[in-house]
C-alpha cells in the first residue's frame, strides 16, 4: 500500500516536472512574439523591442534602468512599474510584493512580467537620470574577515551626481560556472562630493554570485560596469536630530551620510548605533571615532551581541535594539536612518516608534 502510494507520488511529480520543462521550452522556442511596442509616460518615449523578455531586462537593454536589489530574481520587490495598458494576469511570483492598492493600479514586478504584446507603462521621471558608468578598480581592501572595501574610479562618464545614502547596481560578468551577466545593488559608502569615485563595502555571502566574484575574482585594474544612482534612502535636509542604526555592510550608506554631514559643517545632533556579533565583525571604528571630533554633536556607539572572552570588550553589549533603548530617551525630534537585514530593521522600527520617532521619519534600506 505505502509502496504503491510512493510510486504514484513519484509518477505525478515526474509528470509535473516534465510539463513545467515543456512550458519553458515552448516559451523560449515556439513562443516568438516578434516586435512589440512599449509606450512610456503617455507616449513621451516609444520603444520597439523584441518580445518575450522580462520588462526589467528589456528596459535595461534600452538604457532605462529600473532599480532591482536582487538583480531580477523576484526576491526584493523593488522593480515595480505601472502597466497602464496591455496588462496580463499576475504571476504567483509577483503577488507577495504587490499590495491590494497596487493591484488596482496594475503595478507589476518588472523582472517577472514578460513583454509579449504592445504595452504602455509609467516610469518615475528620476529614473531617466540614471546612467551607466564604465569604471576601473582602484583599490580592494579587507575591512573584516568577510567584508571588502572596493574603490572604483569612474572613467565614462567621469563623474556621478548622487545623494548620500543612495545605491548603484554592480554588473557581474560571466565567470566560473556563471554563464550570463547579472547585477546586484550596493550602497555607496563614499561622500557625494567625491563624485569621481564610488566606494563599496561588500560582504561575502555563501554562494552569492556577486559577492563570490568580488571576493575571489575581482582584482585591482579590472574594469567594472555600474549604473545608478538609485534610491530614496538619502539624508533629508532639516534640523531634526539623527539616529543611525546599521549592522555589517549596512555601514556603507550611513558612512556616506556622516561624511556628508561633516563636510557641510552640520550642527545636528547625530548618534550612530552599529551592531556586530564579536570584535572581529567591527570595522572603521577608528574612522568613526575621528568623525566624532570633526562632526559637532556626533556620537558613535558600537555594540557587540556575543563578545568572546578574548575580545576584552568594554563597550556596549546586547542586541542593537536593546542598546538603542538604553541610550535614546525621546526620539520625537529625530529622523532615523536604518540599514541592515530585514529582521534587524523591522525590530528597530518597532523600538524607534516606541521611543517616539514618527513613522514617516524612519528611513531604511533592507538587504
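The values are calculated or read from the model by the stated rules, or taken from the named source; none is laboratory data. From a predicted model like this one, the values you see are computed outputs, not experimental measurements. Positions of Cβ are backbone-derived with ideal geometry, glycine not excepted, and every protein chain shown enters the neighbour counts.
Suppose the filter is over 22 Å from residue 172 (Cβ atoms), modelled with pLDDT of 85 or more and surrounded by 13 or more Cβ atoms within 10 Å (Cβ to Cβ); does residue 40 pass it?
yes
Could we say that residue 310 is over 30 Å from residue 130 (Cα atoms), touching a strand residue (DSSP E or B) at 6+ places or on another chain (Cβ under 9 Å) and outside any strand (DSSP E or B) here?
no
Look at region 97-123 and say how many of its residues are closer than 19 Å to residue 37 by Cα, outside any strand (DSSP E or B) and under 22 Å from the mean Cα position of the chain (by Cα).
Residues flagged as closer than 19 Å to residue 37 by Cα, outside any strand (DSSP E or B) and under 22 Å from the mean Cα position of the chain (by Cα) within region 97-123 amount to 5.
Does at least one position in region 348-357 carry a residue that is within 30 Å of residue 75 (Cα to Cα), modelled with pLDDT of 95 or more and part of a loop (DSSP other than H, G, I, E, B)?
Checked against the condition, which is being within 30 Å of residue 75 (Cα to Cα), modelled with pLDDT of 95 or more and part of a loop (DSSP other than H, G, I, E, B), region 348-357 yields at least one hit.
Would you please name the residue that is farthest from residue 145 (Cα to Cα), looking only at residues in region 276-289 that are out of contact with any helix residue (DSSP H, G or I) (no Cβ under 9 Å at 6 or more places or on another chain) and not in a loop (DSSP other than H, G, I, E, B)?
Going through the qualifying residues, I end up with 289.
Residue under question is residue 92, and the condition is that it be under 25 Å from the mean Cα position of the chain (by Cα), modelled with pLDDT of 90 or more and surrounded by fewer than 14 Cβ atoms within 10 Å (Cβ to Cβ); does it hold?
yes
Just a yes or no: is a residue in region 238-252 modelled with pLDDT of 95 or more, assigned to a helix (DSSP H, G or I), buried (at least 21 other Cβ atoms within 10 Å of the Cβ) and out of contact with any helix residue (DSSP H, G or I) (no Cβ under 8 Å at 6 or more places or on another chain)?
Yes, region 238-252 contains a residue that is modelled with pLDDT of 95 or more, assigned to a helix (DSSP H, G or I), buried (at least 21 other Cβ atoms within 10 Å of the Cβ) and out of contact with any helix residue (DSSP H, G or I) (no Cβ under 8 Å at 6 or more places or on another chain).
Provide a single number: the residues in region 263-272 that are in contact with a strand residue (DSSP E or B) (Cβ under 8 Å, 6 or more places away or on another chain) and surrounded by fewer than 21 Cβ atoms within 10 Å (Cβ to Cβ).
Going through region 263-272 one residue at a time, the tally reaches 3.
Condition check ((1) in contact with a strand residue (DSSP E or B) (Cβ under 6 Å, 6 or more places away or on another chain); (2) in contact (Cβ under 8 Å) with a residue 12 or more places away in the chain; (3) closer than 20 Å to residue 145 by Cβ) across all residues:
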site	(1), (2), (3)
274	yes, yes, yes
296	no, yes, no
324	yes, yes, no
329	no, yes, no
342	yes, yes, no
351	no, yes, no
359	no, no, no
365	yes, yes, no
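Is at least one residue of region 128-136 under 20 Å from the mean Cα position of the chain (by Cα) and modelled with pLDDT under 90?
The answer is yes, given that some residue of region 128-136 is under 20 Å from the mean Cα position of the chain (by Cα) and modelled with pLDDT under 90.
Per-residue answers, yes or no, for (1) in contact with a helix residue (DSSP H, G or I) (Cβ under 7 Å, 6 or more places away or on another chain); (2) under 15 Å from residue 247 (Cα atoms):
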position	(1), (2)
313	yes, no
317	no, yes
324	yes, yes
350	no, no
364	yes, yes
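Looking at residue 183, is it surrounded by fewer than 21 Cβ atoms within 10 Å (Cβ to Cβ), farther than 25 Å from residue 348 by Cα and in contact (Cβ under 8 Å) with a residue 40 or more places away in the chain?
For residue 183, the condition - surrounded by fewer than 21 Cβ atoms within 10 Å (Cβ to Cβ), farther than 25 Å from residue 348 by Cα and in contact (Cβ under 8 Å) with a residue 40 or more places away in the chain - is not met.
Among the residues of region 46-79, what is the count of those that are part of a helix (DSSP H, G or I) and out of contact with any strand residue (DSSP E or B) (no Cβ under 9 Å at 6 or more places or on another chain)?
Here the count works out to 1.
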